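Structure first, commentary second.
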Amino acid sequence: MQRFALELTRALDRRIGAGTVPEALKDARWRLLAPQGTPETSEFRHIALERFGPFSGHLWEQTALARRAAGDILVGFGGSGPLLHRRQLVVIHDVTIFRHPEAFSRAYRTTHKLLGFGLTRTARIATVSRFSRGELGTIFGVAPENIPVIHNATDHFAAIAPDDAVLDTFNLRGKKFFLLVGTLKPNKNIAFAIRAFAALGLSDWRFVIVGGIEPGVFRGGALDAAEDLVFTGRLPDAQIAALERHAGAFVFPSLYEGFGIPPLEAMSQGCPVLAADIPPVREACSDAALYFDPRDQAGLMQAMRQIVEHPQQRAALVAKGEANLERFSWDKSAQALLAVVADMAKRDSGSA
């Protein structure tokens, strides 16, 4: 969600500066509203940053933000917003808290379930995939056809200069390895992938796992270390990009996603993708991944063997990945968002 919010705001800022916004928004005043403690930034040239109010988090959102945005069109990228604000668009990325509640703390589940049910009845809702649109309709009892889809994208990641020093940090230079990037949430299915890799018994391959866990939000379990497993913790994008460029393949075993941006980021670095065969990942990756059943260990083992034993398979997946990425860009997503906001502005004139 943070990536979506940042990159989409950047794309909006560029479009506003170029004047490529719908006619209904030509005279709009664009503001980025944030709590008082938010760091200053000069990154956005056409969207003014306003920091204000006491509190932070949901308390700030439901009080100070609601007051400051009164009468304006408010756009929220993180699945939340002031419940009493009637002119707002809220992007809800998925319904993981309903499908995999064990991955979240009770407090987080309770808060976001209440927000979800409230906002789907008071605000305009958007989401990031056709799959999530159907899920929102099912869970919240709203008409899916009224929920616009604004996709994630990865063009930000393709422009990153990789930091190859990470290979030395984790003793991976010249080594063959599979790569997985994700938090230790249960629905990410990391233990399943580790078991599949271990069962292969590849003495000259390693399995590199990048990511961490937010103890206040997610529930996850510790995973045992082994000589051929490398747990890096969180890494900056430049180091992840370097790992993707050198990996034999990127493994994405998730049981549930709203969209599935990590495999697309891997594709942007020329890394072949082995992906769970679930609807949102099919939607994101199309025919550019080698799919497996995320509950069938033998299926993932077979996909891994394809990479190890058939180098030509790897090259074909890389080419398909490059073609698949052309379907998505943050500029296209910003255009889709602006169309929704323009429709809201036409219905009730005001500032954005």
Okay, which of the stretch 154-187 sit inside 20 Å, backbone N to the point 7 Å along the Cα-Cβ direction of residue 14?
154-162
Cβ-Cβ cut-off under 13 Å around residue 10, Lys and Arg +1, Asp and Glu -1: the net charge is -1
Cβ-based net charge around residue 86, under 12 Å, with every Lys or Arg adding one and every Asp or Glu removing one
+2
Residues whose placed amide H lies under 5 Å from that of residue 32, excluding near-sequence neighbours:
48, 49, 50
Estimate the FRET efficiency between residue 43 and residue 339 by the formula 1/(1 + (r/R0)^6), using the beta-carbon distance for r and 35 Å for R0, to the nearest 0.05.
0.90
Highest mean first, how do 247-257, 54-64 rank when packing is the count of other Cβ atoms within 10 Å averaged over residues?
247-257, 54-64
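In whole Å, what three semi-axes, largest first, describe the equivalent ellipsoid of the stretch 260-352 built from its Cα gyration tensor (square root of 5 times each eigenvalue)?
37, 15, 8
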In nanometres, what is the gap between the two model label sites at residue 282 and residue 56, each 7 Å from Cα along Cα-to-Cβ?
4.2
Most fluctuating of 41, 122, 111 in the GNM of the chain (C-alpha, under 10 Å) is 41
Calculate one ³J(HN,Hα) per residue across the stretch 159-173 by plugging θ = phi - 60° into the Karplus curve 6.51 cos²θ - 1.76 cosθ + 1.60, and present them in order as whole Hz with x for glycine and proline.
8, 6, 7, x, 9, 5, 4, 4, 5, 6, 4, 10, 6, 10, 5
Just rank 278, 150, fewest to most, by other beta-carbon atoms within 10 angstrom.
278, 150
Per-residue ellipticity at 222 nm for the chain, helices alone: DSSP H runs ≥ 4 residues times -39500 (n - 2.57), over residue total, nearest 500 deg cm²/dmol?
-12000 deg cm²/dmol
Point-to-point label distance, residue 67-residue 86, nm (Cα→Cβ direction, 7 Å offset):
2.1
State, to one decimal in nm, how far the label point of residue 138 lies from the label point of residue 121, with both points 7 Å from Cα in the Cβ direction.
2.2
Would you please give the residues with an amide H less than 5 Å from that of residue 291, counting only those at least 5 places away or on a separate chain, with H modeled from the backbone geometry?
275
When 1/r is averaged over all different Cα pairs and the result inverted, which Kirkwood radius in Å belongs to the chain?
21.6
Can you compute the FRET efficiency between residue 319 and residue 155 using 1/(1 + (r/R0)^6), with r the Cβ-Cβ distance and R0 = 22 Å? Round to the nearest 0.05.
0.75
In the chain, with Lys and Arg counted as +1 and Asp and Glu as -1 at Cβ, which of these residues, 9, 339, 236, has the Cα nearest the positive end of the dipole, that is, farthest along it?
339
Arrange 151, 310, 100 by Cβ neighbour counts within 10 Å, fewest through most, would you?
310, 100, 151
Using only the alpha carbons of the stretch 1-71, what is the convex hull's orientation-averaged projected area in square nanometres?
5.4
Among 78, 182, 19, which one shows the biggest mean-square fluctuation in a GNM of the chain, springs joining Cα atoms closer than 10 Å?
19
For a quick check: sort 120, 110, 154 by the number of other beta carbons within 10 angstrom, fewest at the front.
110, 120, 154
Can you check what the net charge comes to around residue 265, using other residues whose Cβ is under 11 Å from the Cβ of residue 265 (Lys, Arg +1; Asp, Glu -1)?
-2
For a test of the definition: using alpha carbon positions, the gyration tensor, and the 1.5 limit on a/c, classify the stretch 157-327 as rounded, prolate or oblate.
rounded
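Read-outs: derived from the displayed coordinates by stated rules, not from any lab. These figures come from a predicted structure and were not determined experimentally. In this analysis, Cβ positions are derived from the backbone assuming ideal geometry, glycine residues included, and neighbour counts consider all displayed protein chains.
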